[in-house]
Each structure stands twice: as structure tokens, then as C-alpha cells.
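S.K.: Questions regarding the structure given below will be posed in turn.
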Amino acid sequence: MAETIFSPGATSSLERRGLRDRVYDLVLDMLMSSSIEAGTRLSIDAIARDLNVSPTPVREALVQLERTGLVTREAHKGYRVAPPIADDQLEALFDARIVLESGATALAARDPKQLVPALEAALAQHVTVMERVQSSSESGDMPVDLIREYFAVDWNFHHLIFEGARNPFLLDMSEAISTRVHRMRQTVKTGVSDAHEAVTEHRAILDALAIGPDAAAQAMREHVDKVRERSRRDAARQASNAAG
């Protein structure tokens with residue numbers, strides 16, 4: 001990468017933290033790209049050279065990413081890209097999403113006054129990007145940047161609900177969930193073809209917030225279960241194509 005993100009004169013703790021967060025984002029983006037395969041060795045020194053930084057923030061980023069499950073570390077061997085999420089792990093991921101996200105939605109629904117306008121804005125953005133995705137799909141040209149943008153606006157709806165729950169522990173857990181969801185989408189190759197369904201289901205969650213916590217939590221459970229079913233189909237189709 002040509003971008004230089006390290007300044008030798010940066011000495012304050014705030015600047016160091018900004019550097020660390022920026023390096024984390026860049027390494028995460030690299031892991032989410034379709035060009036890097038499971039099992040690929042991640043050299044701290046090589047990544048540091050590519051980013052023009054010292055090895056320290058890269059090492060810190062990989063320690064954080066290990067906690068998300070995106071990378072694994074072997075003693076005396078270093079870090080590698082984690083294997084794809086599939087089968088039992090895929091089911092476990094959706095079970096965790098149902099527990100965490102339905103609970104967070106119920107908590108957020110207790111005070112919807114600020115949450116609902118934010119979700120309306122997020123859904124409007126989701127619709128806009130969804131329409132661009134559908135247009136690109138019809139033309140047969142789906143830029144990688146558009147796919148990433150779609151995933152970002154899709155997850156932002158969920159992230160706002162976690163924020164609306166006003167529970168710092170749930171918010172921390174949501175970060176681990178979100179990275180695994182993106183990894184699942186990358187490896188199962190799902191999440192864009194169902195853009196219209198996702199928008200419809202997000203609208204149902206938003207409408208349910210006006211009814212109350214139980215209704216909102218149920219709408220979230222139904223959404224996650226429908227995403228699970230679509231992911232199962234995509235995974236089965238991918239396995240069939242690989243076998244054929």
C-alpha cells in the first residue's frame with residue numbers, strides 16, 4: 001500500500017491511539033478482501049512495511065483480530081487467516097446473533113424516541129445503496145467497493161440498535177459479531193443477492209419498535225432467522241458448484 005499513515009513526530013497518546021485504530025482498520029479491510037485465502041500467513045514485519053509503520057501497531061491489531069476469530073495464532077509460528085465460517089460454526093454464529101440482537105432490540109425499544117429517527121435515516125441510506133446494488137447486478141458489473149459499502153450500511157442498522165440499547169458490554173460484543181458476519185459473507189458469498197429482502201425485514205423491525213420491546217425483539221429474531229436460511233442456501237449452492 002502506498003498510503004503513509006505513520007508520522008515519526010507523533011508522540012501523544014491520542015496520536016498513538018489514532019495510529020493503532022487506523023492500522024487495525026487497514027488490516028481488517030485486508031482480511032475482508034476476497035484476495036486473501038484462509039491459512040495465509042500474516043507476517044507482522046511485511047504488513048508493517050506495506051503500511052509504512054512500526055511492527056507494534058500491527059501486532060496490536062492482530063491481537064485484537066484474534067479475539068474476533070478472524071485470525072489465529074500458533075505458538076512460534078505467528079498469525080494466519082482463520083478458516084471459513086461454515087457448518088456448525090455458521091449455525092452457532094446465527095444462534096449468537098439471535099440471542100444478542102433480539103435482546104439488544106428489546107432494550108433499545110424501551111426508549112425509541114432517538115433511535116427511530118436514526119434508524120429511519122439508516123434505512124433510507126440502505127435503500128439507496130440497495131438500488132445501486134440491484135442496478136449493478138442487472139448490468140453484470142458489481143464493483144468491490146459497492147459491495148463493501150452495501151455491507152457497511154446494512155450492518156449500520158444493526159449497530160444503531162446495539163447503541164440504542166445503551167449497554168457497553170453488548171456494544172463490545174457487537175464488534176465481534178460484526179466481523180464474523182462480514183467473514184461469513186465473504187466465505188459463504190452471501191448478503192448482496194438478498195438486498196431487497198434485508199431492506200424489507202429492517203423496515204419490519206423499525207415498525208415493530210412502535211409497538212413495543214417484545215414485538216421489536218420478535219421482528220429481529222425473524223430477520224436473523226431469514227438471513228440464516230438464505231445463508232444456508234448460498235453455502236449449499238457454493239458447495240454444490242465446487243463439487244461439480
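S.K.: Treat every Asp and Glu Cβ in the stretch 130-182 as -1 and every Lys and Arg Cβ as +1, leave all other atoms uncharged, and give the resulting dipole magnitude about the Cα centre to the nearest 20 debye.
M.R.: With Lys and Arg at +1 and Asp and Glu at -1, about 200 debye.
S.K.: Using a 1.4 Å probe on the protein chains only, how many percent of the accessible area of the chain belongs to carbon and sulfur?
M.R.: Carbon plus sulfur share of accessible area: 52 percent.
S.K.: A further question follows. With θ set to phi - 60°, apply the Karplus curve 6.51 cos²θ - 1.76 cosθ + 1.60 along the stretch 113-129 and write out the HN-Hα couplings as whole Hz, x wherever there is a Gly or Pro.
M.R.: 4, 8, 5, 4, x, 5, 5, 4, 5, 5, 5, 4, 5, 4, 4, 4, 6
S.K.: What is the set of long-range amide H partners of residue 42 at a cut-off below 5 Å, with H atoms built 1.01 Å from backbone N?
M.R.: 79, 80, 81
S.K.: Oh, and also: Compare 208, 46, 92 in a GNM of the chain, Cα atoms joined below 10 Å, and give the one with the largest fluctuation.
M.R.: Sorting by GNM fluctuation, first place goes to 46.
S.K.: While we're here: For the chain, with every protein chain kept in place, what is the accessible area per residue (1.4 Å probe, Å²)?
M.R.: It amounts to 53 Å² per residue over the chain.
S.K.: Could you give the size of the charge dipole of the chain about its Cα centre, using +1 on the Cβ of each K and R and -1 on the Cβ of each D and E, expressed in debye and rounded to the nearest 20?
M.R.: 600
S.K.: Moving on. Based on the Cβ-Cβ distance of residue 118 and residue 152, what FRET efficiency does E = 1/(1 + (r/R0)^6) give at R0 = 22 Å, to the nearest 0.05?
M.R.: It comes out at approximately 0.90.
S.K.: Per-residue HN-Hα couplings for the stretch 167-181, Karplus 6.51 cos²θ - 1.76 cosθ + 1.60 at θ = phi - 60°, whole Hz, x for Gly and Pro?
M.R.: For the stretch 167-181, the Karplus-derived couplings read 10, x, 6, 5, 5, 4, 5, 5, 5, 5, 5, 4, 5, 5, 5 Hz, x marking Gly and Pro.
The values are calculated or read from the model by the stated rules, or taken from the named source; none is laboratory data. As the structure is a computational prediction, the values presented were derived from the model and not from experiment. Note that we place each Cβ from the backbone using ideal geometry, even for glycine, and neighbour counts take in every protein chain shown. Heads up: the accessible areas ignore ligands, DNA and RNA and are worked out on the full protein's heavy atoms, side chains in. Shrake-Rupley method; radii C 1.70, N 1.55, O 1.52, S 1.80 Å.
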